[in-house]
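Asks: Dropping the structure in here first, questions after.
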Amino acid sequence: MEMTSATRFRPENSASSPTPDLHHAVTSDDPFRDLERKKVVILGSGDMSLALSLAMRRAGMQPVVGSRTPESARIRLRSTGVQVKTLAEALKEGEVVLVAIPAEHHDSLPRHLLAGKIVVDVSNRPPGSSRQPESVAERLQECLPESHVVKAFNTLSAFALQQGDVRGSKEVPISSDNDRAIRLVSDLVRNMGLHPVDFGALRTAREIEEIPFSFFREWKVAGSVAVLVFFLFYLLLFMRRQICPNLDSTDWNWNRFQTFPLKNGMLAFALSGTAMLLLCYVPGTIAGYLQLYRGTKYSAFPSWLDRWLKSRKQMGLLALLMGSMHGCMAVFTQMDEGMAEPALWSQQLFLALGIVLLGVLAVLGISSLPSVTAGLTWREFSFLQRYLGWLSVLLVTGHAFFKGYKKLLVPRFECAVLPSETQIIVFLCFLTILLKVPLLIPCVHSRLMKVRRGYERMPNGSPA
């Protein structure tokens, strides 16, 4: 379940033409000095205002909250210890203003008091509303033409900020048409213990505002592949175990259908889980061959391979899920049928490898969680994902091989064209391993490592 990260960048002297595919974490040579001299103002007294106030207080800052009803706001925010003032009084305190009020009330903001200030829009469109051609931040900029509007903080959970535990949501996308505004807000984000990511011009706020409304965006590829693979294997098993035997016999036997809900499901989860695990490591191997052929790591991968590489983590977690369901269903299947030939060493080895495999997958799955990854060094994470990952491939190969090695080379075609599930999955396992073996040859491996460290082969064959 090795992961790749797509980074994006914004050209240094361009506030209006962001690169659409790449982002990078913002760096600044003006480390928060401006914000030390002036306080940050938060407009509003709702959940997001409370969350931002607590986050800034934990960072040692002294935010000022501006409200139309300061008395009731003081009661609501008394646990934060922040100053609460009227809108006019609060806006005199600082240059950076975080607008934490619903988007539908933006047109009521005091335009003359916000002139020349950096106004940070933290809102999203109301849940259930349709996507608009313009972002909320762009419409706010139209309402406040004398201000510098920045989009930020809308991807963070107010609840997580209040608890001080944002876990995997530490990246804060930022967009604005003003370079200085981006630098100041990036310093603010960094001072709060978060990671600013410069998305470029304000029009990219449309993309940022869609992030909270995305629905399993990173899981679409892996989930679709998992459903398709499971369906194909389940259909294969149903044809081989229920339909084909009845077609090949003179009498239709309905008793064959009694086992398909549990036993067919158990085998389908085993086969599809194995396929998903193999799909985690095949793209990395293909990428290795492609980098060797090109002689550089800086050339972009084809879009299909890039999407595949980015889906490996999700595919690995789905493999763990399917393997766990296979294991649970196998227990009940064996309880129902009894262990066949329990003394055979091959059956004992088959069960042992399956149990160890499930344990290794559990370690891989847990280590890929952001809260766990944060506590690992790069070397530790790389070791777990690479070596334990390929160990899991070897274990699943052994698990499948010892399950049916006696019948592996025996022709077992049903309905004239359907091979056995064991023949299919063992073939895929060995094919995955064989693809990897040439990259492990010392001279090939050392050359691939050179390429991945930045070596580039020039057209004439000399290094860059």
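The values are calculated or read from the model by the stated rules, or taken from the named source; none is laboratory data. All of these numbers come straight from a predicted model, not from anything done at the bench. FYI the Cβ positions are ideal-geometry reconstructions off the backbone, even for glycines, and counts take in every protein chain you see. Only protein heavy atoms, including side chains, enter the accessible area calculation; ligands, DNA and RNA are left aside. Shrake-Rupley method; radii C 1.70, N 1.55, O 1.52, S 1.80 Å.
Asks: Given a 1.4 Å probe and every protein chain left where it sits, what share in percent of the accessible area of region 245-303 is carbon and sulfur?
Replies: Carbon-and-sulfur percentage of accessible area, whole number: 61.
Asks: Near K436, which lysines are there with a Cα under 24 Å away, not counting those fewer than 8 places off in the same chain?
Replies: K297, K310, K313, K403, K450
Asks: Residue-wise, which Karplus ³J(HN,Hα) couplings in Hz belong to region 292-308, taking 6.51 cos²θ - 1.76 cosθ + 1.60, θ = phi - 60°, and x for glycine or proline?
Replies: Along region 292-308, the couplings run 5, 5, 7, x, 7, 9, 8, 7, 5, 6, x, 4, 5, 6, 4, 5, 5 Hz.
Asks: To continue, here is another question. Using modelled backbone amide H atoms (1.01 Å from N, in-plane), which distant-in-sequence or interchain residues come within less than 5 Å of E171's amide H?
Replies: Correct list: H195.
Asks: Additional query: Give me the 1.4 Å probe accessible area per residue for region 361-400, excluding ligands and nucleic acids, in Å².
Replies: Here the per-residue accessible area is 51 Å².
Asks: Counting only protein heavy atoms and using a 1.4 Å probe, what share of the accessible area of region 65-143 belongs to carbon plus sulfur, as a whole percent?
Replies: 52
Asks: Excluding ligands, DNA and RNA, what is the solvent-accessible area per residue of region 239-322 at a probe of 1.4 Å, expressed in Å²?
Replies: Value for region 239-322: 46 Å² per residue.
Asks: Fully extended, how many nm does the chain gain between V331 and L435 (0.36 nm per residue separation, minus their Cα-Cα distance)?
Replies: Length gained between V331 and L435: 34.1 nm.
Asks: Could you give the nm distance between label points at A374 and F427, where each point is 7 Å from its Cα heading toward the beta carbon?
Replies: 4.7
Asks: Further question: In whole percent, and with a 1.4 Å probe on the protein chains, what portion of the accessible area of region 167-206 is carbon and sulfur?
Replies: 39
Asks: Hey, can you rank 238-251, 219-232 by average C-beta count inside 10 Å, highest first?
Replies: Those peptides, ordered most packed to least, come out 219-232, 238-251.
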